[in-house]
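Okay, here's the structure, questions in a sec.
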Amino acid sequence: MVLYLIRHGETDWNNLGLLQGRSDISLNENGKKEALKLQAYFKDKKIDVCFSSPLNRAYETAKIIFPKTEIITDDLLIERYLGDFEGKSHKEYHFYDFWDYKANNTAGNVEGVRELFKRSQTFLNKLKTSYNDKVVVIVSHGAFLKALHFSIVGYNENTDFGSFSLNNCEFKKYVL
């Protein structure tokens, strides 16, 4: 399987440094332009299937990049729930407190990192079962894609999850 992970384009909340989580924020004009640039990159690439989070910012990104492709939404691809931190500044959310696998912190109703990894592994297993010989694209969100990346490359309770991230409309390719 060839797998592309794509993070959604920019939103106004990205610009303001606000945590989005599952808040359903749409792309801003720059986010649409970012997606159009990726559309040019993927124009001649063979894609068998494209999955997207159902949240607007990811689905809009997928529709712009792949205008002639059916986009399959899957709730497993939704962003990590950030509970009481949604809509608040990144400064209020202490990254390592919530990405500590051993602690599995759920303060403020944040989805625990172990649950996030369980979702990512469930989706990856689904892909391996049904799309093992295909070229697959996933358009989703920063935290979910981080978990999916580490589900692909491996991790343990001491992994530095801060070592991987994707910027808006950035992608990573894997051959599994």
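Each reported figure results from applying straightforward, stated rules to the coordinates on display, with no laboratory input. In this text, all values refer to a predicted model and were calculated from it rather than measured experimentally. Note that each Cβ is placed from the backbone with ideal geometry, even for glycine, and that neighbours are counted across all protein chains shown.
Which residue is surrounded by the most Cβ atoms within 10 Å (Cβ to Cβ), if the candidates are limited to region 92-123 and must be assigned to a helix (DSSP H, G or I) and touching a Leu at 6+ places or on another chain (Cβ under 7 Å)?
Among them, the one singled out is S120.
So which residues in region 126-176 are out of contact with any Leu (no Cβ under 8 Å at 6 or more places or on another chain), hydroxyl-bearing (S, T, Y) and more than 27 Å from H94 (Cα to Cα), if there are any at all?
Once the filter is applied, which keeps residues that are out of contact with any Leu (no Cβ under 8 Å at 6 or more places or on another chain), hydroxyl-bearing (S, T, Y) and more than 27 Å from H94 (Cα to Cα), region 126-176 yields T129, S130, Y131.
Is one or more of the residues making up region 11-24 farther than 24 Å from V110 by Cβ and assigned to a loop (DSSP other than H, G, I, E, B)?
no
Among the residues of region 131-173, write down those that are within 20 Å of T11 (Cβ to Cβ) and in a loop (DSSP other than H, G, I, E, B).
The answer is H141, S165, L166, N167, N168, C169, E170.
Given (1) under 21 Å from I65 (Cα atoms); (2) of a type outside the set (V, I, T); (3) buried (at least 16 other Cβ atoms within 10 Å of the Cβ), where does K134 come up short, assuming only one miss?
(3) is the only condition that K134 fails.
Output the number of the condition that L38 fails; it satisfies all remaining conditions of (1) over 20 Å from F171 (Cβ atoms); (2) assigned to a helix (DSSP H, G or I).
Of (1) over 20 Å from F171 (Cβ atoms); (2) assigned to a helix (DSSP H, G or I), only one is false for L38: (1).
Could you say which residue among G142, G154 is under 23 Å from N56 (Cα atoms), surrounded by fewer than 20 Cβ atoms within 10 Å (Cβ to Cβ) and small (G, A, S)?
Selected residue: G142, the only one of G142, G154 that is under 23 Å from N56 (Cα atoms), surrounded by fewer than 20 Cβ atoms within 10 Å (Cβ to Cβ) and small (G, A, S).
Also, quick follow-up: Just name the residue that is nearest to F161 (Cα to Cα) out of those in region 75-95 that are in contact with a helix residue (DSSP H, G or I) (Cβ under 7 Å, 6 or more places away or on another chain) and not aliphatic (A, V, I, L, M).
For region 75-95, the residue satisfying everything is F95.
Output the qualifying pairs, or none if there are none: Cβ atoms under 9 angstrom, residues six or more apart or on different chains, first residue in region 77-101 and at positive phi, second residue surrounded by 14 or more Cβ atoms within 10 Å (Cβ to Cβ) and acidic (D, E).
Once the first residue is at positive phi and sits in region 77-101, its partners that are surrounded by 14 or more Cβ atoms within 10 Å (Cβ to Cβ) and acidic (D, E) give G83/E111.
Now, a different point. For region 55-69, which residues satisfy the criterion of being more than 10 Å from S140 (Cβ to Cβ) and assigned to a loop (DSSP other than H, G, I, E, B)?
F66, P67, K68, T69
Report, by residue number, each residue of region 147-170 that is free of Cβ contacts under 8 Å to residues at least 24 places away in the same chain and of a type in the set (D, E).
Once the filter is applied, which keeps residues that are free of Cβ contacts under 8 Å to residues at least 24 places away in the same chain and of a type in the set (D, E), region 147-170 yields only D160.
Could you list all residues from region 155-174 that are farther than 29 Å from K33 by Cβ and under 15 Å from the mean Cα position of the chain (by Cα)?
Scanning region 155-174 gives a single hit, F161.
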